[in-house]
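First the structure, in the form of structure tokens, and then the observations on it.
The values are calculated or read from the model by the stated rules, or taken from the named source; none is laboratory data. Since this is a predicted model, take the numbers as computed values, not measurements. Every residue, glycine among them, receives a Cβ derived from its backbone with ideal geometry; neighbour counts consider all protein chains shown. Ligands, DNA and RNA are stripped out before the accessible areas are found, and what is left, the full protein with its side chains, is counted by its heavy atoms. Shrake-Rupley method; radii C 1.70, N 1.55, O 1.52, S 1.80 Å.
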Amino acid sequence: MSSPRHILTAVAWPYANGPRHIGHVAGFGVPSDIFSRYQRMAGNKVLMVSGTDEHGTPIQVQADNEGVTPRELADRYNDVIERDLQNLGLSYDLFTRTTTKNHYAIAQELFLGLLKNGYIFPQTVLGAKSPSTGRTLPDRYIEGTCPICGYDGARGDQCDNCGNQLDPIDLINPVSKINGETPIFEETEQMMLDLPAFAEVLATWLQAQGHWRPNVQKFSLNLLDDLKPRSYTRDLEWGIPVPLDGWRDRSDKSIYVWFDAVVGYLSASIEWASRSGDPEAWRAWWQNPDARAYYFLGKDNIVFHAEIWPAMLMGYSGIGAKGGTPGSLGALDLPFEVVSSEFLTMEGKKFSSSRSVVIYVGDMLSRYDPDALRYYLSVAGPENQDTDFTWDHFLHRNNDELVAGWGNLVNRTISMTAKNLGAIPAAGKLTDADRTLLASSRAAFDSVGALIETSRQKAAIGEAMRVVSEANKYLSDMAPWKLKNEDPERMASVLHVALQVVDDAKTLLTPFLPGSSSKVHAQLGGEGIWAAMPDLVEVDEETAPGSPSYSVLTGNYDTGVRWESTPLAVGRPLAAPTPIFTKLDPSIVAEEIARLTGSESTAGA
């Protein structure tokens, strides 16, 4: 077996201006957890980090509207988001926030390192502002018609239709998404990231990423055709101060929230190391030629993760047209893969909190089992194409596959064994059918593992469920309930084989369905924690600009579980099982659609 590899799972940071809907966790939350849980089971050293993204104009505007401070708003939604992610079972080593002193320090250090190497320079630009409030409008909160392809709905930083980078002033008929106003454009001095200085090194690096999803690599390479300097700072009241004389004390200048947020992957790793008792531990994931960093995000974030963040890492490390030397943290590793997902729609409509076309994670988990949602997103999520969530589809995936397939296999196998034998029996002489099923189950560890490693998770869970289907067919064909009196020794062998495959399938499904896999582990007589869940922990580090404490998601996920078939312990007592999944009544479809329709009507009133 190869030596353990350090795996960084860098998960996109949810914005703390409201609760997150299932579209957010469909694209990167659940896929990143499946990947991390598998990698830990495979024996690798995983560091899974993220947190809430808490700066920027949208939070400032919303806080003003609600009569609270931006920090109070961020505190509220950080708590909501953390609890939702905890309840979904996402195994973060650290889920933190961008308002920590540590994050401020690391974000400012990256800025200063880039500045020292000549990759940041001052420039007077035209900035978009709200005519009614005088506040800067973030690029992504301005929409209009793309001047290149004519797409109506391009954003101020890029057009999702043609993929070209844009500036807000380029848009035809620009409109603020915050309040519908037409923005005004005024001259303002900003510090710019010299992206063109990285054109050559980015091209060489991107062309070498043949293991990326083809659409992500091609899209990223196309971006290089029109590289422009990007504003590293903004006229923002709520953000990280710019660490320069004449700038640091200005309330109207901050590091742009998008640059601030991507630094979070590094700052969260450093915070985790500090909390682990070894402040240098983060370096094994960031300064190690054998380590691999996987970034999980939605397709609207490709620009920052496949172009701008790598450029920042290169520039800080002294790589680029202007050369340079690494900053005080040292040279930093580039992403190994940018795992970008497509979009999830709902009942044929784009998710929109403002239009109440939305299913919030917390609401979903208040009515349905976390693994029912995780299963649906695993088999039908937007892995490589936009996907539509429908309640009818959710119902049938739960009832026809989870309950009637996997749940039924677990229940009838353990139930028959407990009732007739009371313990896991030994296998007698195996038949060809027995050996074929056991071989198929063992082989699935290689095939499912290889698919998860390459983020082909739909195919991976399909392979695991194929084993479930084969085991159900095997039981039906062997009919052990008929053998109790005719051939009790053969009945014991059939049940032993079936139980072994149930145990294998439980392991194969653990990355996808950790909660229910733990229940199966217990029903098979297993002891100890099978799939560890995250803890919400209050920590004492002072935050900037002032809260004395905050909470983080963290956990110890090393339970000793390994990605392999483990022979069952013959003689282990088994009790009558309880169902591991809940069959849903078909009436939920109409109820949920009515709930959605009612909220849409309310939103439009």
Along the three principal axes, how long is segment 144-195 when you take its alpha carbons, biggest first, rounded to the nearest angstrom?
30, 28, 16
Over every pair of different alpha-carbon atoms in segment 406-515, take the mean of 1/r and invert it; report that Kirkwood radius in Å.
14.3 Å
Could you pull out every residue, at least 5 positions away or on a different chain, whose amide H is within less than 5 Å of the one on D53? Hs are placed 1.01 Å off N in the peptide plane, and Pro or chain starts have none.
Y15, A16
Viscosity 0.890 mPa s, 25 °C: Kirkwood-radius Stokes-Einstein D of segment 195-266 over Cα pairs, µm²/s:
170 µm²/s
Along its three principal axes, how long is the chain when you only count alpha carbons? Whole Å, largest extent first please.
90, 57, 47
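Working out 0.36 nm times the residue gap between D252 and A281, then minus their Cα-Cα distance, what length gain in nm do you get to one decimal? Let's see the in-between values first.
Numbers: separation 29, 0.36 × 29 = 10.44 nm, distance 3.63 nm.
Once the chain is fully extended between D252 and A281, it gains 6.8 nm.
Counting residues in segment 509-588 as N, plug N into 2.2 N^0.38 Å and put the Cα Rg over that result. If you can, show how the numbers build up before the last one.
On the way: Rg = 18.9 Å, N = 80, 2.2 N^0.38 = 11.6 Å.
In units of the globular-protein estimate, segment 509-588 measures up at 1.63.
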DSSP beta bridges in the chain [antiparallel fraction, %, rounded to 5]
60 percent
Along Cα→Cβ, 7 Å out, is where each label goes; now give me the distance between the ones at N65 and A321 in nm to one decimal.
4.2 nm
From the C-alpha gyration tensor of segment 222-333, pull out the three semi-axes of the equivalent ellipsoid (sqrt of 5λ each), sorted largest to smallest, in whole Å.
24, 20, 15
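Grab the Cα-Cα distance for A331 and H396, subtract it from 0.36 nm times how many residues apart they are, and report the gain in nm with one decimal. Before the final figure, lay out each step's value.
Values: separation 65, 0.36 × 65 = 23.40 nm, distance 5.03 nm.
Result for the pair: 18.4 nm of gain on full extension.
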Using label points projected 7 Å from each Cα along Cα→Cβ, tell me how many nm separate E527 and E189, to one decimal.
7.1 nm
Under the rule a/c < 1.5 gives rounded, and otherwise a/b versus b/c splits prolate from oblate, where does segment 39-138 land using the Cα gyration tensor?
oblate
Would you work out the charge dipole size for the chain about its Cα centre, treating the Cβ of every Lys and Arg as +1 and the Cβ of every Asp and Glu as -1, and quote it to the nearest 20 debye?
1580 debye
Round to a whole number: what % of the accessible area of the chain belongs to carbon and sulfur, probe 1.4 Å?
50 percent
More than 24 angstrom separation, counting every C-alpha pair in segment 122-233; what % is that?
33 percent
So how tilted is helix 514-523 from the main axis of the chain? Cα-based, degrees 0 to 90, rounded to 10.
20 degrees
Förster radius 41 Å - calculated FRET efficiency between A105 and N161 (Cβ-Cβ, nearest 0.05)
0.60
In Å², nearest 10: area of T345 left accessible to a 1.4 Å probe:
40 Å²
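Would you mind counting up the charge near D226? Only other residues with Cβ under 13 Å from its Cβ, with Lys and Arg at +1 and Asp and Glu at -1. Mind showing how you got there, number by number?
Working: positive: K228, R230; negative: D157, D167, D170, D225, E307.
Taking every other residue near D226 into account, the sum is -3.
Which value in Å is the Kirkwood Rh of segment 283-329 over different Cα pairs? Please report the intermediate quantities before stating the final value.
Numbers: mean 1/r = 0.0824 Å⁻¹.
Its Kirkwood hydrodynamic radius stands at 12.1 Å.
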Based on DSSP H runs of at least 4 residues, each adding -39500 (n - 2.57), what is the mean residue ellipticity at 222 nm of the chain after dividing by all its residues, to the nearest 500 deg cm²/dmol?
-12500 deg cm²/dmol
In 10 Å bins starting at zero, report the fraction of Cα pairs in segment 110-177 per bin as a rounded %.
21, 37, 28, 13, 0
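Roll a 1.4 Å probe over the protein chains and send me the accessible area per residue for segment 124-256 in Å².
That works out to 45 Å² for each residue.
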Low-density loop positions, trypsin sites (Lys or Arg not before Pro), segment 376-453 - DSSP coil, at most 11 other Cβ in 10 Å:
K429
How much solvent-accessible surface does S469 expose, in Å² to the nearest 10, with a 1.4 Å probe and all protein chains in place?
70 Å²
Taking a cut-off of 24 Å between Cα atoms, list the lysines near K350, but don't count ones fewer than 8 places away on the same chain.
K177, K299, K458
Farthest positive-ward along the chain dipole, Cα basis, beta-carbon charges - from I461, A575, H521:
A575
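For segment 427-490, calculate the relative contact order in percent as a whole number, restricting contacts to Cα pairs under 8 Å that are 6 or more residues apart. Kindly include the intermediate steps, with their values, before the conclusion.
On the way: 25 pairs, mean separation 21.5, N = 64.
34 percent.
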Tell me, what are the semi-axes, in whole angstrom and largest first, of the equivalent ellipsoid of segment 339-435 as set by the roots of 5 times the Cα gyration tensor eigenvalues?
39, 16, 10
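Give me the net charge for the shell around Y295: Cβ to Cβ below 15 angstrom, other residues only, Lys and Arg +1, Asp and Glu -1.
Spelling it out: positives minus negatives among the neighbours equals -3.
Quick check: net charge around T182, other residues with Cβ under 14 Å of its Cβ, Lys/Arg +1 and Asp/Glu -1? Intermediate results must be reported in sequence, preceding the final value.
Details: positive: K129, K177; negative: E143, E181, E186.
Residues close to T182 contribute a combined charge of -1.
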